[in-house]
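The values are calculated or read from the model by the stated rules, or taken from the named source; none is laboratory data. The structure displayed is predicted, hence computed values, not measured ones. Methodologically, a virtual Cβ is constructed for each residue, glycine included, from the backbone with ideal geometry; neighbour enumeration extends over all protein chains shown. Calculation scope for accessible area: heavy atoms of the full protein, side chains included, ligands and nucleic acids excluded. Shrake-Rupley method; radii C 1.70, N 1.55, O 1.52, S 1.80 Å.
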Amino acid sequence: MNYEFLPKQRTVRTSQVMDLFGIDFEQGRHVVAEGLELPVEQGSILCFTGDSGSGKSSMMRAVCRQIEGVVDVNALELQPVSLIDGLGIKVTEGMALLASCGLGEAHLMLRTPAELSDGQRYRYRIALAISQQPAWIVADEFTATLDRTLAKVIAFNVRKICDRTGIGFLVATTHDDIVSDMNPDVHVVCRLGDEPDVVCRDENVKKKGSVLAGRSGSVKRPESTGRILLGGIIDRTTSASSSM
């Protein structure tokens, strides 16, 4: 996975920065991941963590483009109805689902999305996505707007929901404090200027570069029903900018 640095024109300000730090514009191709393959199984959790700009969101989106039945939490349209009505499922099921997403207070269930805080609205998006029972749910900036204690609770509940329903989750976050609670099947640790590391759940052994079923030390779960190849995929944001 890589993208081309765009050509830039020197200005007075950029020249001053270059002179101050002894650098020039970056050129050529920036490689986030080269030939990286991930084992993917329906009903598993893939978690991408790393600093801002490390490529975690781009890698997650690259996986999304190669699987079917994906619901993007951040792309869901929120209807101006009460939370319990918006889920469109039985009341008892809806109450349990809202509670698992940290929205178990009775008054909250009767509010509309517009009456929620940013953190509450994000949690409702997760509940709404689960209520649709897709094959996969993708969530960028997962739990970024939540306090860390609640974030860990939501991550723990996502693991339980995944195991109970068979819905797969792909999440990207800068916060690695939720990883132990989520217990992802595949944890991709993205690093600035370096190849990502992959940690698989059952073996809990770090693999550098790629994890392939059938190789020495391959994982037991998720048993790969398909290989997601990330090498050679152009960053969508960058390529969009290039065509403008």
Unmet criterion (only one of (1) surrounded by 14 or more Cβ atoms within 10 Å (Cβ to Cβ); (2) among the basic types (K, R); (3) at pLDDT below 50) for K206: (1)
A135 over 14 Å from the mean Cα position of the chain (by Cα), closer than 30 Å to L36 by Cα, modelled with pLDDT of 95 or more and among the aliphatic types (A, V, I, L, M): yes
Unmet requirement for T92, which otherwise passes all of (1) hydroxyl-bearing (S, T, Y); (2) modelled with pLDDT under 95; (3) open to solvent by 70 Å² or more (accessible area, probe 1.4 Å): (2)
Helices (runs of 4 or more DSSP H) lying entirely in region 110-206 (those with 2 or more residues that are without any contact (Cβ under 8 Å) to a residue 60 or more places away in the chain, of a type in the set (K, R) and farther than 21 Å from E93 by Cα): 148-165
Residues of region 58-84 classified as in contact (Cβ under 8 Å) with a residue 60 or more places away in the chain, among the small types (G, A, S) and not in a loop (DSSP other than H, G, I, E, B), total: 2
Any hit, region 54-66, residues being touching a helix residue (DSSP H, G or I) at 6+ places or on another chain (Cβ under 8 Å) and modelled with pLDDT of 95 or more: no
Residue within region 27-37 that is part of a helix (DSSP H, G or I), hydrophobic (A, V, I, L, M, F, W, C) and surrounded by 12 or more Cβ atoms within 10 Å (Cβ to Cβ) present: no
Those residues of region 54-89 which are of a type in the set (D, E) and exposed (fewer than 12 other Cβ atoms within 10 Å of the Cβ), in sequence order: E68, E77
Condition met for T173 (of a type in the set (S, T, N, Q), touching a strand residue (DSSP E or B) at 6+ places or on another chain (Cβ under 9 Å) and at pLDDT 90 or above): yes
All positions within region 62-91 that are over 17 Å from D140 (Cα atoms), in contact with a Pro (Cβ under 9 Å, 6 or more places away or on another chain) and of a type in the set (V, I, T): V81
Members of region 128-181 found to be aliphatic (A, V, I, L, M) and open to solvent by 50 Å² or more (accessible area, probe 1.4 Å), listed by number: V153
